[in-house]
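As structure tokens, the structure follows; a few thoughts come after it.
The values are calculated or read from the model by the stated rules, or taken from the named source; none is laboratory data. Keep in mind that what you see is a predicted model, and the values were worked out from it rather than measured. All Cβ positions, glycine included, derive from the backbone under ideal geometry; neighbour counts span all protein chains shown.
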């Protein structure tokens with residue numbers, strides 16, 4: 001299948017594990033998504049910390065998302081490099097399917113609140129201390145999401161490919177969505193298949 005300059009084929013622009021790690025370290029926020037009791041998908045933007053291969057988030061324990069995730073720990077988290085001011089942050093986005101686990105112990109609160117406060121304040125000690133105090137409240141809980149599957153899109157790779165500057169060996173293997181499902185959809189719409 002010829003994929004050069006083809007905006008319908010995007011699975012060939014996946015992140016490497018190193019890029020996922022860099023994005024999760026440098027991106028300032030993520031969107032946590034879960035399912036409600038009546039089946040609606042819902043998402044909320046959070047500041048987060050990437051630590052030991054998990055996405056760490058905090059919110060008040062009386063929020064609906066806390067009871068929803070305790071009922072069904074399957075969640076998704078979407079992280080975009082767009083809001084980052086760091087030139088080292090990869091462009092594009094990564095979404096993980098994962099399972100959430102709650103932590104309310106003092107040891108986790110201590111390291112996580114400091115890590116999140118430092119990240120949000122950009123290294124400003126006074127701002128970090130103020131944010132730490134704000135976080136340290138009795139109703140707050142911490143959610144750690146362990147990724148089980150990543151869905152990624154390297155915007156820089158796609159841009160280089162559109163400009164004719166991406167070597168074939170930098171493209172990732174095409175996923176079933178582009179290899180099989182796209183031609184089924186093209187056939188359904190009366191369009192010729194892609195080779």
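Take the conditions (1) free of Cβ contacts under 8 Å to residues at least 40 places away in the same chain; (2) part of a helix (DSSP H, G or I); (3) buried (at least 18 other Cβ atoms within 10 Å of the Cβ); (4) in contact with a strand residue (DSSP E or B) (Cβ under 8 Å, 6 or more places away or on another chain); residue 119 misses just one of them, which is (1). If you go through segment 149-181 and pick out every residue that is touching a residue at least 40 places away in the same chain (Cβ under 8 Å) and not in a helix (DSSP H, G or I), you end up with 12. Taking segment 39-52 as the search range and keeping residues that are at pLDDT 95 or above and either out of contact with any strand residue (DSSP E or B) (no Cβ under 7 Å at 6 or more places or on another chain) or under 13 Å from residue 93 (Cβ atoms) (or both), which one is surrounded by the fewest Cβ atoms within 10 Å (Cβ to Cβ)? Looking at the filtered set, the residue picked out is 52. The residue pairs whose first member lies in segment 1-14 and is under 17 Å from residue 169 (Cβ atoms), whose second member is modelled with pLDDT under 50 and part of a loop (DSSP other than H, G, I, E, B), and whose beta carbons are closer than 8 Å, counting only pairs six or more residues apart or on different chains, are 9/1; 9/3; 12/3.
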